[in-house]
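Here the structure is laid out as structure tokens; the discussion comes afterwards.
The values are calculated or read from the model by the stated rules, or taken from the named source; none is laboratory data. As the structure is a prediction and not an experimental result, all values here were calculated from the model. Cβ placement follows ideal geometry from the backbone for every residue including glycine, while neighbour counts extend to all protein chains displayed. Protein only, heavy atoms only, side chains kept; ligands, DNA and RNA dropped before computing areas. Shrake-Rupley method; radii C 1.70, N 1.55, O 1.52, S 1.80 Å.
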Amino acid sequence: MNSQNTPVHIKLWHRDFWLMATSSLLLTMSVYLLIPVMPRWLMEELHFSPVEVGRSMGVFGLGLYLMGALCSWLVQHYRRNVVCMWAIVAVAVNLALLWYVDILRCQMMDLTIIMLHRFLLGATFGLAQMVLSSTLIIDTCESYQRTEANHSASWFARFALSLGPMVGLIVYSLYGFDGVLWGALGCAIAALVLLKTVSFPFRSPEEGIKVVSLDRFFLTHGWILFFNLLLVTTVIGLLLTMAFEPLFYTLMMGGFFLALLAQRFVFRDAELKSEIITGLTLLLAALLILLIAPESPVSPIFVGLSAGIIGSRFLLFFIKLSRHCQRGTSQSTYFLGWETGLSAGLALGYGCFYEQPTMLIYTALALTGSALLLYHFYTHQWFVRNKNR
């Protein structure tokens with residue numbers, strides 16, 4: 001049977017790993033807090049059109065690629081943990097500047113300023129997460145624990161997809177957009193403090209590192225996996241543009257926990273292909289339920305369950321596809337596929353389908369069906385032929 005399972009090593013869960021995983025969760029939350037409330041603020045307070053909101057939310061995805069090609073050079077020429085910490089500081093500064101410009105309530109707050117802020121936020125967040133996931137987490141683990149470390153740490157960042165918007169909506173209802181910005185800033189600072197307490201081993205810099213390279217940035221021969229993942233996360237991004245209450249994200253978190261249990265017990269020795277197929281089928285079911293019975297609590301649970309199963313399995317696929325010394329590059333490629341899809345979904349949801357939930361769901365169904373067909377008929381066989389681990 002062509003199956004695989006991630007082993008559990010108790011020794012992995014040492015103090016430094018907990019600190020880094022929690023730092024990743026808080027850093028991701030600092031960005032995801034803005035997902036449900038920033039568009040509302042832009043339209044209600046600044047009177048942006050839905051198309052302008054879509055552009056503002058989507059440009060974040062472009063920013064992710066700004067510093068990626070420099071990632072390898074930066075971590076080789078400077079202390080890698082210092083690079084990550086300075087990137088987190090830049091995330092915090094971006095959030096603080098948005099709060100400062102907001103309280104001024106002046107004519108500076110136009111589309112250009114907002115798009116520049118989102119672009120730079122994507123660039124700084126992207127650099128911080130790429131260094132954290134592709135380098136720092138690997139550095140503190142034994143070689144036989146690294147796959148489990150990547151798999152486990154990614155779950156902490158994935159939890160932020162439900163925790164971030166849920167907390168953002170609650171804080172927005174109590175303290176307004178300024179309160180959300182303070183919350184996001186607090187998450188970024190907490191992530192920085194936790195990372196600063198971790199002890200990282202010294203690594204001698206390698207010679208002959210190019211300033212611009214794809215190392216620790218993008219796994220070119222994994223573009224099929226990247227595109228297939230992009231289709232799925234675009235659907236999730238589309239769903240995030242609908243006016244859900246905090247309860248939706250709470251139930252989505254329940255779906256994440258069910259995905260963890262399913263991976264450990266249901267798919268432990270199952271056919272390798274079964275997880276993605278099941279996850280995409282659950283996502284199709286969630287969309288159909290949302291179309292027929294929008295108030296049903298089953299839909300958000302299915303969304304979380306499917307996103308958890310699909311996300312964690314695609315991450316392992318990227319790791320298995322990578323060649324020697326490309327583990328970090330595979331992590332960054334997975335991260336880019338996940339975040340780019342979310343940004344594309346947010347851009348499409350607001351720019352093309354605002355207040356058109358039926359058309360949005362039909363589009364999401366088409367994208368999910370395409371992802372399922374692509375994976376079933378091509379991606380899986382391609383992966384089995386090309387995997388290296």
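Observations, loosely collected:
- Gap separating the Cα centres of the range 141-156 and the range 277-336, nearest whole Å: 18 Å
- When peptides 158-171, 20-33, 359-372, 206-219 are sorted by average Cβ neighbour count within 10 Å, with the highest value leading, the order is 20-33, 158-171, 359-372, 206-219.
- Mean ellipticity per residue at 222 nm, deg cm²/dmol - from DSSP H runs of n ≥ 4 across the chain, formula -39500 (n - 2.57): -24000 deg cm²/dmol
- Largest to smallest accessible area among 133, 199 [probe 1.4 Å]: 199, 133
- Restricting the range 271-340 to GluC sites (Glu not before Pro) that sit in a DSSP loop and have at most 16 other Cβ atoms within 10 Å of their own Cβ leaves 271, 295.
- Accessible area per residue in Å² at 1.4 Å probe, computed on the chain: 40 Å²
- Evaluated with a Cβ-only charge set (Lys, Arg +1; Asp, Glu -1), the range 33-158 carries a dipole of roughly 160 debye about its Cα centre, given to the nearest 20.
- Share of carbon and sulfur in the accessible area of the chain stands at 67%, probe radius 1.4 Å.
- The lysine pair tally for the chain, using Cα distances under 24 Å and a gap of 8 or more places or different chains, is 5.
- Extension gain from residue 199 to residue 182, taking 0.36 nm per residue of separation minus the Cα-Cα distance: 3.3 nm
- Think of the chain as having a plus end and a minus end, set by charges on the Cβ of Lys, Arg, Asp and Glu; of 331, 116, 65, 331 sits farthest toward the positive end of this dipole.
- 19 Å reach of a label modelled at residue 268, 7 Å along Cα-to-Cβ, counting backbone N of the range 299-316: 309, 313
- Residue separation of residue 261 and residue 47 scaled by 0.36 nm, minus their Cα-Cα distance, works out to 72.6 nm of gained length.
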